[in-house]
Every structure is written in C-alpha cells, then in structure tokens.
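Before anything else, here's the structure in question.
Values quoted throughout were computed directly from the atomic coordinates according to the rules given, and no laboratory measurement underlies them. Please read these numbers as outputs of a predicted model, since none were measured by experiment. Here the Cβ positions follow ideal geometry from the backbone for every residue, glycine too, while neighbour counts run over all protein chains shown.
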Amino acid sequence: MSDAAQAAWSGAVALVLGSSTGGVGQHVRSLVRGLSAAGCRVLVCGPAATEQQFGFTAAGAAFVAVEIPASPGPQDSGAIRTLRRALAAHPLDVVHAHGLRAGFVAALARPAAPLVVTWHNAVLAKGLRAGAAALVERIVARSAALTLGASADLVTRAEALGAKRARLSEVASPQIAGPKRSRAKVRAEFRLAPDTPLILSVGRLHPQKRYDVLLEAAVRWRGLAPAPVTVIAGSGPSYMPLAQRISELHVPVHLLGHRTDVPDLLAGADLAVITSDWEARQLFAQEALAAGVPLVATEVGGLPDLVGDAARWIAPGTVDALDTAVRELLADPSGRAELAARGPVRAATWPTEAGTVADVLAAYASVAPSRAGHQ
C-alpha cells in the first residue's frame, strides 16, 4: 500500500484503555485529536475516571465507560461484557487497545474488527504473579493482528511470546507548555533559600518507580551544605508507604500528590531524577529535557534510546550510584549546564504528535486496508 493511501486512511476506531493518570491517557487523548482531524470516527472505552481527567469527548470522541482496573481480578468478567456490548453497538474498522490490561480485556471481548495493541509497559511481577502475567502477555501477543511497542525491548518481548506482527511505534510527548510561574515563585512555594537545591521527580507512586531508592539517597544528602530539598509529584498506591518511610527517615522529601503544573515545578528545579526499574518513553523524562533541566536517570528500558547523552545514567536499584551522581552534579555547575543544553537539542529529534498519528494511521491501514481512502 502506498504512503498516500496510508495517509488517507479513515474509518471507525475504538481506543481502549485501563486505569491511567498519566502518559497512556495523555497519549490516547492526543490520538483522539489527531484521528478526528484525519476524518476518523473515534470511540474511547475506559474507566469513567479517565474521561473526567483527560476529556476524550471534548477532544472529539464518543465515550463509553468500561471499568478496567489496574490489576486483574473477578471484575474483569464485567469489563469484558461491557466492552463487548460497546464494540458491538458501534460499527468499527479497528480496535486499538493501549497497555496489557486493556489488551487482555479487548482480546477476551473478541471484537469483530482487527485488534491492534500498543504495549506501553513491561511486566515486572515476580513469583506466582509473574507466571500469571506471562500468560496475559502471551494471550495479548497472540490475539492482536498487530502489536506496537513503545520501546524496542517491548517489541522483542511480544515477538518472543508469539505476536503475529510486531514493530516499534514511538509515542510522542504531547506538546509541552511553558511555565506559568517564575522560578522564584515556584521555589517560594517550598520556602527555599536562594542557594538550596531543589530535586524533582514526577511519576505514578508505584513500586516500579523505586522512590524508595530516592528516599534512601536523600538521607545521605542531609549532610550537604546546603542540603537539597526533594519533591515528588504524582499519586498512586505507594503514597502511604512512602509517606510513612519519609516520616521514619526524617528526610526533606515532600509528596505533592497529582500536579498539573509540572512545567512550573521544572522551572524551579535544579535537577530532575528518575529512579525507575523500567520505563519506555517516560513523559517526565521528555518534559525535563525539553525544559533544559539536568536529568539523572536509570539506564533501563527505552530511556537510553529516548534520552541519549542528555542524562547522567545510573544503574537501577543502586542508592550509591544515585547519591554519587547527585552529589557530583550539585557540585559541578558547568556539568549541569552542559546536560541542560543537551536536553532541548535531544528533544528536537523526537517524533511529533502529528508524526505519531501518521504512524498509527499506517498501522490501521495495514490491518484494515479496505478502509484506505474511505470517507
């Protein structure tokens, strides 16, 4: 099929997602805007909370609430039935699920239209849960007409589990707005002295993010002069354990909860830190580089391909490595400036939202070619 035919593809698409408070929901909203502008009819199926947070209908989609929780359980049977009814009620050309949970529910709903699944995250479960998760991965891989991976390792994993077709599909960061507050006003929120370093991390409060490593490193930074203050923006199931650990350690770390002003927080930050065990194309990494904030990050998943030489890399799960990297950068203004300068240069190489939409349209055309050029 020609590039022109792929670019002209338009049809009816259902985008399916599970619980999301960040990157996946923002990506789906971006697709809704782009696909609608390309002439596609878009239905979004996901938890009611995602519509409230991301506004899919305002972006141009129809929406049906399908409660797909973050973890599998008996409630999945209800989600499968609800999704099956929703898909049957809308003539569709493609069903596109985002994430393994949504992909699993969509696969068991057995849609009449071809199923495309984007793998956004790796499975990090251990023990008995790892076996169950591997079964879910296998079902999703073998049920999809096409698997799209947000990072190369996800594509390799899907292929190993029997995916019919799998390829890389880079997820663009939504356009990043500039700060609305000055650096001084942001820092005043945390009552920081002018020379006090502010360290920022943003992400879902989940064990995968390894904020425990950040807390343990922060204990060591109390002896620095001046001692940095660390803030973590995000919500999630690890909030209470992290809050308890912060209290036990008596460290200057603040849990900010969900924030909509990440550009402001970056304007006030001296360093951005990612301590995750795995990431694909993490939104915060993209925001930090685009804002020119020096980044310390774990060398995992798709982050090296995304960030390149615009970060100070550390091994995952290593408090010593994080402690050393932060200490050295705080003591090296020229090193911070060099990383800060590399960030926007690297960000300029990333795919745009329009490029991502074009890639997704090409994916749809490859599994439903009869709709190319259909209006």
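Express in nm, to one decimal, how much length is gained between LYS185 and ALA132 on full extension, taking 0.36 nm for each residue of separation and deducting their alpha carbon distance. Display every interim value, and only then the final one.
Working: separation 53, 0.36 × 53 = 19.08 nm, distance 4.83 nm.
Between LYS185 and ALA132, full extension yields an extra 14.2 nm.
With springs connecting C-alpha atoms under 10 Å apart, model the chain as a Gaussian network and identify which of GLN75, GLN208, GLN286 has the largest mean-square fluctuation.
GLN75
Quick one: net charge of LYS126's neighbours, Cβ under 15 Å, K/R +1, D/E -1? Kindly include the intermediate steps, with their values, before the conclusion.
Values: positive: ARG129, ARG210; negative: GLU137, ASP277.
Here the charged neighbours net out to 0.
Something else about it: Can you run phi through the Karplus equation (6.51, -1.76, 1.60; θ = phi - 60°) for region 186-192 and list ³J(HN,Hα) in whole Hz, with x for Gly and Pro?
Values, residue by residue: 5, 5, 5, 4, 9, 6, 8 Hz.
If R0 is 30 Å, what FRET efficiency do you get for HIS90 and ARG165 from their C-beta distance, rounded to 0.05? Don't skip to the end; give the middle numbers.
Working: r = 25 Å, r/R0 = 0.83.
Step by step, r from the Cβ atoms, then E = 0.75.
Something else: Would you kindly state how much longer the chain becomes between MET240 and VAL219 on full extension, computed as 0.36 nm times their sequence separation minus their alpha carbon distance, in nm to one decimal? Intermediate results must be reported in sequence, preceding the final value.
Values: separation 21, 0.36 × 21 = 7.56 nm, distance 1.87 nm.
Separation in residues times 0.36 nm, less the Cα-Cα distance, equals 5.7 nm.
If one computes P(r) from the Cα atoms of region 97-197, what percent of pairs lie at distances over 16 Å?
Values: 3186 of 5050 pairs.
Summing the P(r) of region 97-197 above 16 Å gives 63 percent of all pairs.
Check ALA12: other-chain or 5+ apart residues with amide H under 5 Å from its amide H, H built from backbone geometry?
Those lying under 5 Å, H to H, from ALA12 are ARG41, ASP93, VAL94.
Rank ASP195, ASP264, ASP305 by mean-square fluctuation in a GNM of the chain with C-alpha springs under 10 angstrom and give only the top-ranked residue.
Looking only at ASP195, ASP264, ASP305, the biggest GNM fluctuation is shown by ASP195.
How are the Cα pair distances of region 14-98 distributed, in percent, across 5 Å bins from 0?
Per 5 Å bin, starting at zero, the Cα-Cα P(r) for region 14-98 comes out as 3, 16, 29, 26, 17, 7, 2, 0 percent.
Can you put TYR239, TYR364 in order of Cβ neighbours within 10 angstrom, beginning with the fewest?
On the way: TYR239 15, TYR364 25.
Least to most surrounded, the residues fall as TYR239, TYR364.
Then there's this: What does the charge count near GLU51 come to, summing +1 for each Lys or Arg and -1 for each Asp or Glu among other residues with Cβ under 14 Å from its Cβ? Numbers along the way, then the final one.
Values: positive: ARG29; negative: GLU67.
That sum, taken over residues with Cβ under 14 Å, equals 0.
Select from HIS98, HIS250, HIS258 the residue whose mean-square fluctuation is largest in a Gaussian network model of the chain (Cα-Cα springs shorter than 10 Å).
HIS250
Right, here's the next one. Summing -39500 (n - 2.57) over the DSSP H runs of n ≥ 4 in the chain and dividing by its residue number, what mean residue ellipticity at 222 nm do you reach, to the nearest 500 deg cm²/dmol? Don't jump to the answer; show the numbers that get you there.
Values: 16 runs with 167 residues, N = 375.
Result for the chain: -13500 deg cm²/dmol, rounded to the nearest 500.
For region 258-375, what class follows from the C-alpha gyration tensor (a ≥ b ≥ c being the square roots of its eigenvalues): rounded when a/c is under 1.5, otherwise prolate if a/b is larger than b/c, else oblate? Don't skip to the end; give the middle numbers.
Working: a/c = 2.75, a/b = 2.16, b/c = 1.27.
Cα axes put region 258-375 in the prolate bin.
Additional query: What ranking do ASP332, ASP212 get, fewest neighbouring Cβ atoms within 10 angstrom at the top? Write out the running numbers ahead of the final one.
Values: ASP332 13, ASP212 16.
Listing ASP332, ASP212 from fewest to most nearby Cβ atoms yields ASP332, ASP212.
Now, a different point. For SER143, what charge total do you get from the other residues with a beta carbon under 10 Å from its beta carbon, if Lys and Arg give +1 and Asp and Glu give -1?
Details: positive: ARG110, ARG138, ARG142, LYS164; negative: none.
It works out to a net charge of +4.
Something else: How compact is the chain by the rule of thumb for globular proteins, expressed as Cα Rg over 2.2 N^0.38 Å? All intermediate terms of the calculation are to be shown ahead of the outcome.
Numbers: Rg = 21.3 Å, N = 375, 2.2 N^0.38 = 20.9 Å.
Compared with the compact-globule rule of thumb, the chain sits at 1.02.
Taking H as built 1.01 Å from N, whose amide H comes closer than 5 Å to the amide H of VAL296, not counting residues under 5 places away?
Close amide H contacts, sequence-distant or interchain: ALA272, VAL273, ILE274, ARG312.
Continuing with the same structure: When ILE176, ILE68, ILE314, ILE246 are ordered from fewest to most other Cβ atoms inside 10 Å of their Cβ, what list results? Before the final figure, lay out each step's value.
Values: ILE176 16, ILE68 28, ILE314 24, ILE246 19.
Going from least to most buried by this count: ILE176, ILE246, ILE314, ILE68.
Let me ask something else about it. Kindly provide the Kirkwood hydrodynamic radius of region 202-315 in Å, to one decimal, from all pairs of distinct alpha carbon atoms.
Numbers: mean 1/r = 0.0693 Å⁻¹.
Taking the inverse mean of 1/r over all distinct Cα pairs, region 202-315 comes out at 14.4 Å.
Just for the Cα atoms in region 125-170, what are the lengths along the principal axes, largest first, rounded to whole Å?
30, 19, 13 Å, listed from the longest principal axis down.
Cα to Cα, under 16 Å, and not fewer than 8 places away if on the same chain: which lysines meet these conditions relative to LYS209?
Within reach: LYS126.
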